[in-house]
Every structure is written in C-alpha cells, then in structure tokens.
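Okay, structure first, notes after.
The values are calculated or read from the model by the stated rules, or taken from the named source; none is laboratory data. Just so you know, these numbers come straight off a predicted model, no measurement behind them. Note: ideal-geometry Cβ built from the backbone for every residue, glycine included; neighbour counts use all protein chains shown. For the accessible areas, the whole protein counts, side chains as well, though only heavy atoms, and no ligand, DNA or RNA atoms are used. Shrake-Rupley method; radii C 1.70, N 1.55, O 1.52, S 1.80 Å.
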Amino acid sequence: MIPAPVRYARAADVHDALVLLAEPDARPLAGGQSLLPVMKLRIVRPSLVVDISRLDLRGVHIHNGELHLGALTTWDDLLRVEELRRPALSAITECAAAIGDLQVRNRGTVGGSIVHADPASDIPAVLLALRAAVKLRSPNGDRVIPLANFLVGPFTTALGAQELVTGIVLPIPEQGSGSAYVSLEHPASGFAVAGAAVLVGPSEERVIALTGLTGTAFVLPEGVDPARALESTEIFGDRFASTAYRRRLAVVLVERALERAARRAEEDR
C-alpha cells in the first residue's frame, strides 16, 4: 500500500528534534525499518515525520564500567565493535548477526527496535538479560528507566509525549561471565518464534529473558526452573506455532543458551 500524505522535516540536533516532535502525531524516523512498513499499511498515520538519522546518537563506548549504546547505532555497527566480542557481551553480537538481512542490518537501529516494541523482536530479550536501561530526553530534561519498565506491552512503551530515546546503558558483567542468545526464526518474517537470552555469572548466577512468547519480552523469576516457570506463563499461539509448541520450544532454547553462556563464562575465568 501507499502511505497517507505526511510532512517531512530533518532535525539538525536533539533540541531541534524535540521542538519538531511537539506537533501532535509527529513521529521520529531513524532507520525506518519499523515505522515505514506500518505507515505503508496505514496502521500509523503521523502528521509529521521527523528525520533524526543524522543526529549524534550513534556509537558504542564503555565508561565507568558501563556499556553505552547510542540510539541510532545500527545492527551492522554492533557487529564491528571489538568490545562486544568479550564473552559477557557475546549475546549482543549474536543477536545482531541474526536480524533481518544485510539491508536491514545497515539501516535498522537499536533505539528504533526498542521503541517499536514488537513482541517478537530479538534485542529486548538480550538487553533485559544484561540488565539494560533506556536513556530518554524531553524538554523537561533527561531520565533513565529500566528496560523492563519501559516495555509496557505489544508495540507499547513508557515513552512520553515529546520524548526521544537517546541511548541504552547497561553494566558490564564482571569477569567470568558469559552471555548467549538463541532463537528460532519464522521462515517468512525472520522474527523470533521464540528467543532466549541468558547471562551466566562467575558464581553460576543467571538471568534468563525470553521473547516471542507474550506481549513483550520478559525475565524469568530467579532461582526457578525455566520449565516450571513457563508452565504458569500465558503464552500465545498462532497457526504457525501453537501455545504448547512455543512453550516447549522456549524450554529447549533456554537450555541451549544456558549451555553456551556457561561455556563462555568458563572461558573468561
């Protein structure tokens, strides 16, 4: 389909973007891999598209024991960062390498994926397992919110009016940690039928996050057997994968991710 008529403006900087986003129904445009498809279907009909693709919100760096990802960092950028090859952060590049195709990885952004909040998106599970938080900016100032609180439901977040995601921050796991992301992709869409992200610490503590099963990615309760925890989780099903299939698939993916993350943690000790 053809998108409804829409006005376009390119933001010169973050302040300019926030001013432009004050218009009712204005939407930011980063890589366009999430926004443009729903505009073509006329599910979303913004009055103004604010192009933020040239803002200085791209890049990866480590500061004071924290990893900072700029909101406009692309999946391809993540694959080229040396710091992300350490065992504790391997889940990030593992996830990025499996997203879309070459064109999507070159244009799609981490921030755009988080804001779109697709229930089958890969990166939210990885960032939840790594205890990430989202950095936001509005005319009222900056705030940081845990990703678990930012993801409210299917395609719904805690993003406020006239607010922009500027980045993602997460603590660098301590020495002797390992992470992994394992998923089964839908053969047509490429989105996760189910995905499991795991962080294993030096004392065998672990964080397990899942995607593709419910309205949003989520973290399993600590110290609870994954299979038992998933028995009481309300998991959706469809014509491609039933609820029972997804539940069993999730258990298998968690087992594989745990094994891979534990092996990486051992290599880092």
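How much net charge surrounds GLY176 when only other residues with a Cβ under 12 Å from its Cβ are counted (Lys, Arg +1; Asp, Glu -1)? Please list the in-between numbers first.
On the way: positive: ARG86, ARG264, ARG269; negative: GLU174, GLU204, GLU205, GLU266, GLU267, ASP268.
Taking every Cβ under 12 Å from that of GLY176, the sum is -3.
Accessible surface calculations at 1.4 Å, restricted to protein heavy atoms, place the chain at 49 Å² per residue. Which of rounded, prolate or oblate describes segment 59-205 when judged by the alpha-carbon gyration tensor and an a/c cut-off of 1.5? Rounded shape, in that the Cα axes give a/c under 1.5.
Here the convex hull built on the C-alpha positions of the chain has a volume of 125 cubic angstrom per residue. A 1.4 Å probe, protein heavy atoms only, puts the accessible area of THR156 near 60 Å².
Counting only other residues whose beta carbon sits under 11 Å from that of GLU222, what net charge do I get with K and R as +1, D and E as -1? Before the final figure, lay out each step's value.
Values: positive: ARG206; negative: GLU205.
Net charge in that neighbourhood comes out at 0.
Which value in deg cm²/dmol, rounded to the nearest 500, describes the helix-derived mean residue ellipticity at 222 nm for the chain, given -39,500 (n - 2.57) per DSSP H run of n ≥ 4 and division by the residue count? Before the final figure, lay out the partial values.
On the way: 10 runs with 81 residues, N = 269.
Only helices count here, giving -8000 deg cm²/dmol.
Roughly how many debye, to the nearest 20, is the charge dipole of the chain about its Cα centre, given +1 on each Lys and Arg Cβ, -1 on each Asp and Glu Cβ, and no other charges?
Details: 28 positive and 31 negative charges, 135 e Å.
Roughly 660 debye, rounded to the nearest 20.
Using Cα centres only, tell me the gap between segment 82-149 and segment 1-74 in whole Å. Using only Cα atoms to place each centre, the spacing works out to 15 Å.
Of the listed residues ILE172, ILE43, the order by accessible area with a 1.4 Å probe, largest first, is ILE43, ILE172.
Let me know the shape class of segment 138-222, please: from the alpha-carbon gyration tensor, a ≥ b ≥ c as square roots of the eigenvalues, rounded when a/c is under 1.5, otherwise prolate if a/b is greater than b/c, or oblate. In terms of gyration-tensor shape, oblate.
Rounded to the nearest whole angstrom, the semi-axes of the ellipsoid equivalent to segment 117-269, taken from the Cα gyration tensor as √(5λ), stand at 25, 22, 12, largest first.
Per-residue accessible area (protein heavy atoms, 1.4 Å probe) orders SER189, SER121 as SER189, SER121, starting from the largest.
For LEU102, LEU170, give me the order by solvent-accessible area with a 1.4 Å probe, most accessible first, ignoring ligands, DNA and RNA. Before the final figure, lay out each step's value.
Details: LEU102 105, LEU170 0 Å².
In descending accessible area the options line up as LEU102, LEU170.
Cα centroid separation, segment 174-195 to segment 211-261: 12 Å.
Leaving out ligands, DNA and RNA, what percent of the accessible area of segment 1-86 is carbon and sulfur, probe 1.4 Å?
Working: 2560 of 4940 Å².
So the carbon and sulfur contribution to the accessible surface is 52 percent.
P(r) tail for segment 132-179: Cα pairs beyond 15 Å make up 51% of the total.
Of the residues ALA125, PHE150, LEU48, the one whose Cα sits farthest toward the positive end of the charge dipole of segment 1-151, with +1 on the Cβ of Lys and Arg and -1 on the Cβ of Asp and Glu, is LEU48.
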